[in-house]
Structure formats: C-alpha cells, structure tokens
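Novice: Input: one structure, supplied below.
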Amino acid sequence: MKLRFLVVCLAFAQMNLPVFAQDNPSTVNASTASTTGIGSTDVGLYVNPIGIGIRNSTADTGPFAFLGDNTTSRTFYGAAIGGYVNFFHAQKYDAGVDIRDIIVSGNGAHLNSFLVGGRVAVKPLAEKFKPYVQLSVGAGSSKPPHSAVHLNRFQYGIYGGLDYTLSKHVDFRAFELGYGSVSTVNSGNFNGTTSFPSSSLFSVSTGLVFRVP
C-alpha cells in the first residue's frame, strides 16, 4: 500500500506541475526569463539494498528487547524503496521531495520506516556526478524478536549521497550515508522499571536509480 501511495504521489506531481505552468502565463514567462524557479520535474525511483546499524545506550532484556537481551547494538539489513521529485531548479542546484519506505530486519526483529523529506541536489559535476543531501521525517514501526507487538514512533533521518549518471534514464547510486533516530519498542513501554532513550540509526545504501520520463 505504501509503495502504491508513493507511485501515485510521484505521478501526480509529475503531471500537475507542467499543467500549472500552462495555466499560469506569468509562471511560463518567469521560467523563460530566469533559470531559477518551478519548471519541469525530474523524477527518480529506486529499490536499493540498505544496512542500518542500530545502537542503544542502555541494554534491554525480556520479550520486548528490540535488539535482544543485553545487547546495545546490532546491524539490520533490508531494502529502501522510494523515489524523489525535483521541481525547483536554480543555477547550481535542484530541490524537491523524497518519499521512501525502509524495511529492515535483524535477529528476528523488524523496523519499517516511512519517511518524507526535503531534498537538494547539486547540478551535475563533471557532467555525471550528482551529490545530494536531504532531511526526512516520518514514522518508524518496530517489532521485537520474541513478541508480535508493534510500536510506532516519530523518526527522523539526515542523508547524503552521490549519484552517477550511467545513461539517460539510469543513475548508479554510488553511496548514501544516513544518520537518524527513533524510539524502538522496549520493556519500558510495558510497565518496565527502566526508561530507554531513542535508538541511533547509521545507514549505508547503494544501488540504481531509474529516472523518468
């Protein structure tokens, strides 16, 4: 459902921004006279492998210990499914929105993160290298390895990466590094005696980005 929602949002943005320009002559004239402003959309879709190191400052125990008994760090693996729409164009950068669903697991525990963020990409360096940064917020749903309970909490992430153009419609995401935080399920949520701080998330991802049209 989330992936379907993502595709619909991206398609809607791609179709409606050009229509907006056609219905507003002043917008067309402004974009013609200047390289800065809202213009044609740049859309990219990706399904990339991702690894996330999750760290807690306090070890937990029991059936609700997300990282496992007496464990303060563990690496989770999975996929980042998402896409971006760049709709604002300046002389040295493009800006837009990134929407992603990150699904990872480790030691029987699961974390599903749905994030929406603002994105800024530098104009291609040496014609092919495109660095970018983004700040994303959303919700993280965590499930411990020995319980069916899910906990939904606010999550944020700061990401930076480098895309390399392979062809007209394909980029290679050389790397994406991220740092974020989310409060994962723990025994403190169920009448436990210890209060647990939010978990730190350190992510690494790579793969392909498919640009349309």
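What follows is calculated from the coordinates using simple rules that are stated; it is not laboratory data. Just so you know, these numbers come straight off a predicted model, no measurement behind them. Cβ coordinates were reconstructed from backbone atoms using ideal geometry, including for glycine residues, and neighbour counts include every protein chain displayed.
Novice: Please arrange Ser198, Ser167 by counting, for each residue, the other beta carbons lying within 10 Å of its beta carbon, fewest first. Kindly include the intermediate steps, with their values, before the conclusion.
Specialist: Details: Ser198 17, Ser167 8.
Ranked by crowding around the Cβ, least crowded first: Ser167, Ser198.
Novice: Gap in Å between the Cα centre of the stretch 68-120 and the Cα centre of the stretch 122-150?
Specialist: 2 Å
Novice: In 5 Å bins starting at zero, report the fraction of Cα pairs in the stretch 152-208 per bin as a rounded %.
Specialist: Pair shares across the bins are 4, 17, 17, 14, 12, 11, 9, 7, 5, 3, 2, 0.
Novice: Still on this structure, please answer the following. At a 10 Å Cβ-Cβ cut-off, how would you order Leu111, Leu208, fewest neighbours first? All intermediate terms of the calculation are to be shown ahead of the outcome.
Specialist: Numbers: Leu111 24, Leu208 15.
Least to most surrounded, the residues fall as Leu208, Leu111.
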